[in-house]
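Heads up: the structure comes next, in structure tokens.
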């Protein structure tokens, strides 16, 4: 474990908690892409199947359970508890355009042609594009509440910190996970446009982000 | 494809 990965995991946790609390307290999921949240729940489900087969550390196990519980709880809030506030017409991204290529690629490019390994690879590729429905929804509605932009900021920052973690691990222990690194770079690039708007608009206290 | 790192990250 290194400081970059720890900070990354904390940013990830903060992002997920920000979103959950926003929906829970405002009793509304307006402006939130349910599709992205379903994709994230799928990412955690396919990645954390080793929860019962391989023990790495208490931290690893606890965080996996926390991420799974919060991901499914958020999906529950959107599609069941506060479904009347869900903007399904704005959340119109065709997720099959993500799932099919990601599933195909995970069969083609993986470390081992074994069920758990292919599911892990699927989760890595899927995570890199899972935020697209949310970013698409924001471009469609032309705006995002500031709390939603803080959620996206921490979510984008988490994988950027993981890139630093991989540089650190490469130089200190020769660790190099090519699939995770390439996907992590792609994932972080998707946030660049958002980061620009976030720093130029939201942090200038203009409240919510309105797209040009 | 490269070696199969033990997936010790979240």
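A short reminder: the numbers here are calculations on the coordinates, not readings from a lab. Note that the coordinates shown come from a computational prediction; the quantities given were computed from them, not determined experimentally. Because the Cβ atoms are built from the backbone with ideal geometry, glycine has one as well, and the counts that use them run over all protein chains shown.
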From the Cα centre of the stretch A:81-131 to that of the stretch A:137-170, the distance in Å is 18
Grab the DSSP H runs of chain A that are 4 residues or longer, score each as -39,500 (n - 2.57), total them, divide by all residues and round the 222 nm result to the nearest 500 deg cm²/dmol.
-23500 deg cm²/dmol
Average Cα contact separation per residue, chain A, under 8 Å, 6 or more apart, as relative contact order %:
31
GNM result for chain A, Cα springs below 10 Å: residue of A:153, A:20, A:97 fluctuating most strongly
A:97
Once you sort the root eigenvalues of the Cα gyration tensor of the stretch A:30-100 as a ≥ b ≥ c, which label holds: rounded (a/c under 1.5), prolate (a/b larger than b/c) or oblate (the other case)?
oblate
Could you work out how far helix A:58-76 tilts from the main Cα principal axis of chain A, as a 0 to 90 degree angle to the nearest 10?
30
If I build a Gaussian network model for chain A, linking alpha-carbon pairs within less than 10 angstrom, which residue out of A:81, A:25, A:47 has the largest mean-square fluctuation?
A:25
Consider all pairwise Cα distances in the stretch A:66-212 and report the whole-number % of them above 24 Å.
43
Mean separation of Cα contacts under 8 Å, 6 or more apart, over the residue count of the stretch A:40-152: relative contact order %:
34
Relative to the longest principal Cα axis of chain A, at what angle does helix A:146-173 sit, 0 to 90 degrees, rounded to 10?
20
Note down the relative contact order for the stretch A:121-201 as a percent, whole number, built from C-alpha pairs under 8 angstrom at least six residues apart.
43
Extension gain, residue A:181 back to residue A:199 (0.36 nm per residue minus Cα-Cα distance, nm):
4.0 nm
GNM of chain A, Cα pairs under 10 angstrom: of A:29, A:11, A:192, the biggest fluctuation goes to A:192
What FRET efficiency would be calculated for the residue pair residue A:97, residue A:68, taking the C-beta separation as r and a Förster radius of 30 Å, to the nearest 0.05?
0.70
Does anyone have the angle between helix A:115-129 and the longest principal axis of chain A? Alpha-carbon axes, 0 to 90°, nearest 10?
40
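Considering the convex hull of the alpha carbon atoms of the stretch A:84-171, report its projected area averaged over all viewing directions, in nm², one decimal.
Mean projected area of the Cα convex hull: 7.8 nm².
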